[in-house]
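In what follows, a single structure is set out as structure tokens and then discussed.
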Amino acid sequence: MTFKIDYRDGDVHRWSLTDDGVECAVDTDYTPTCYVAAHGADAALAEAESHLDSHPGVAATDVERWRTVWRNDPEPVLRVDATTLESLTGVAHEVRGWGDPGAYRLFNVDLAREFRYCLECGVDPTPPTDRPPSTLALRLSPKALNDGDVAGLTVDGEAAGDTEGDVLDAVAAALAARDPDVLVVSAGDLVPLLYRKAREHDRDGVELGRRPGWERLAAESTYESYGRVGHSPARYNVPGRAIVDVSNSFFWRQTNVSGLLDLVERARKPLQETAWASIGNVLTSIQIRVATDRGVLVPWNSWRHERFKPMTTLQAADRGGFIFSPDVGLHEAVHELDFASLYPNIMITRNVSPDVIRCDCHADREDVPGLGYSICDDEGYIREVLEPIVTDRKRYKERIDATDDAERAAALGGRASALKWILVSCFGYQGFSNAKFGRIECHEAINAVAREILLDAKATLEGHGWRVVHGIVDSLWVQAMPDREQTPLEDVAREVTDEVGITLEYEGAFDWIAFVPRKDSDEGALNRYFGKRADGDGFKQRGIELRQRSTPPFVEDCQATWLETLDETRAPEPVCDRLAVQLADLRAGDVDPDALRIRRRVSQDLAEYGRYTRNAAALERAAVQEFTVPPGEDVEYVVVDDDKRSAARVRLAHEDVDRYDAAFYADLLVRAAESIVSPLGWDRGRIRRYLADTEDAAITAY
């Protein structure tokens, strides 16, 4: 079974896993394909064919019938077989410039190269279940990688040697002994670095692939998504082995090999490309596979007209999901209920799909509440995409609950997690401007249906004696109404499930739950809360410092102790007594500086910072050390003197840090304590006054 595809010297090398190792088949006749459609008469298509037949970058042309839009009938399009992937892109750009804008439309142009081959040749890149791919992990710290020093490299977590020569020998020996199918590297730039070091140290035997050589597939880049700067590292390829770059693989960090292979099977996207792909990229690949099966071509650039809407409809449509402002405070005996995969299930059960929303054949119907959009009775393609994912994720979770095998549970957990991320993103992708098959009306319709479902569920719960203390998107937190008889929540959940056709699950009970106010008002923050689970399974936290990636480990640990204290006492004073002890340790210099590391994402280059922030100080310090941190990547540092406006303000995490700014971290600690006691009415000023008035911490704090 093919698991890796290489393009070498004009040929395609297909690597397949066997019981004895691997085998390689060479395809010398493959030509990548794109399609051209022309507006107007067939003469325009014939003219395009006559031009392209003699084009040096074109191997062959032919007229075929494909659907260029989901619900349209097949139409004549020109199939263009290019000589190489590079010439295909060049031909596509050339054709797009012919005639008036939009005279020619192009399809199947920008597919990833391994995925393209599988799609066009009908190749399934899923490894066999009885022969999963083997892995070898190579890791080097970011600082060592930046310095070009491989002496600290580890192989499968074990130090490879004391010198660079020893490390190179160890890598070569591990590759020869293990013959891995997948190289899991801490960063892609480790590939060219190892080859450079092999040349410097005359280690001809160091070959990361199963054939000599390596190539760079893409350069590093910085991008912005939803106002957040990200960094995409350079991507590399070696023959015969898939590379998983941990620094550039969301799914590897969130799942495991089993989760990745589940996505490979669904998307028909080989392992290496699945590993670096974004959630949207994998979802699009699944959609493309479904589209191809239905005879639909993939547009090069997404173009989805938005039909005219009156102002009243625009106002009604331009809203998000259901939000019920939380009741700030600490509430006893609270229960949580969640709709299972609400948005994907709305798309499945209500047939909300880009190809059937606002159809002409049912224009007189108002199927979407509040918006008046119609939805065709014909089944939309999105159901075929999402229904297997929803069903299989539920099945994986049931099997996890039923097994005592830790290894099997981990594999199933990886698969369930991978599918969760696809389901989390599928709704938002309908409104994404670059989505191949999205449509903004779908996005609006899903939100409208979700709001209606949550409001109906709220009314049903209140009718059975349950007060909603918070609700957001697909979750509700309820508390028994005083002086009212309550219907058991499991029964209420079944009633709601029957009414809406989507399962409302009883998630569990909390001994207590606290909703945190906003920082700038007394209103409840929508997604900042914490509570003690009644089943004894610890605490659930959302939005507070414990869940924030920039929070130092010491502050995290302190906040965890305050949760325990609050659970025991339900009062702010004992929490502040514990805080007083921790502040004393901090000010005495008794905290390990390593536990005070702050991790922040870099949003821009050093020269672009208008204010001298801590990030700017860290970047300046890194620049002095010739340590590059591009926008979109993280920088870790300890604040040593927050009053300084120079690189001396911080120390980078890899440096020898022997001190810290106690006043700065004390302020962080008080802010974190405010998150815990603010539901009880205590703000930062009240905390500081209590600490000032207390000479000695209560004995119970020790």
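Read-outs throughout are calculated quantities, based only on the coordinates presented, and are distinct from any laboratory measurement. Keep in mind that what you see is a predicted model, and the values were worked out from it rather than measured. Cβ atoms come from the backbone with ideal geometry, glycine included; neighbour counts cover every protein chain shown.
Key figures for this structure:
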| quantity | calculated |
| --- | --- |
| Helical segments meeting 27 Å axial Cα length and Kyte-Doolittle -0.5 threshold in the chain (DSSP H) | 406-429, 440-463 |
| Calculated percent of Cα pairs over 53 Å apart (choose from (i) 9; (ii) 14; (iii) 18), label | (iii) |
| Alpha-carbon centroids, region 560-627 and region 365-441: separation in whole Å | 38 |
| Cross-link pairs beyond the 24 Å C-alpha cut-off, checked among K143/K540; K420/K540; K394/K540; K269/K420; K394/K532; K519/K540 | K143/K540; K394/K532 |
| Estimated FRET transfer efficiency (R365, D456; beta-carbon r; R0 30 Å; 0.05) | 0.90 |
| R614/I400 FRET efficiency (R0 41 Å; Cβ-Cβ; nearest 0.05) | 0.45 |
| Contact order normalised by residue count of the chain, Cα under 8 Å, 6+ apart, percent | 10 |
| Stretch gain in nm, segment A25-D590, where the contour uses 0.36 nm per residue and the Cα spacing is subtracted | 197.1 nm |
| Rounded Å value of the spacing that divides the Cα centres of region 184-223 and region 463-533 | 53 |
| Region 80-135 versus region 62-78: alpha-carbon centroid distance in Å | 18 |
| 222 nm mean residue ellipticity, helices alone, for the chain (DSSP H n ≥ 4; -39,500 (n - 2.57); rounded to 500) | -12000 deg cm²/dmol |
| Sequence ranges 602-613, 154-165, ranked by mean other-Cβ count within 10 angstrom, highest first | 154-165, 602-613 |
| Cα centre as origin, Lys/Arg/Asp/Glu Cβ charges: region 128-293 dipole, Debye | 620 |
| Cleavage-rule hits (GluC sites (Glu not before Pro)) in region 622-702: DSSP loop, at most 16 neighbouring Cβ within 10 angstrom | E626, E655, E695 |
| Neighbour-count order for E114, E94, E407, E265, fewest beta carbons within 10 angstrom listed first | E407, E94, E265, E114 |
| Taking F530, F107, F427 and counting other C-beta atoms within 10 Å, the order from fewest to most | F107, F427, F530 |
| Packing rank of 43-55, 278-290, 172-184, where each peptide gets the mean count of other beta carbons within 10 Å, highest leading | 278-290, 172-184, 43-55 |
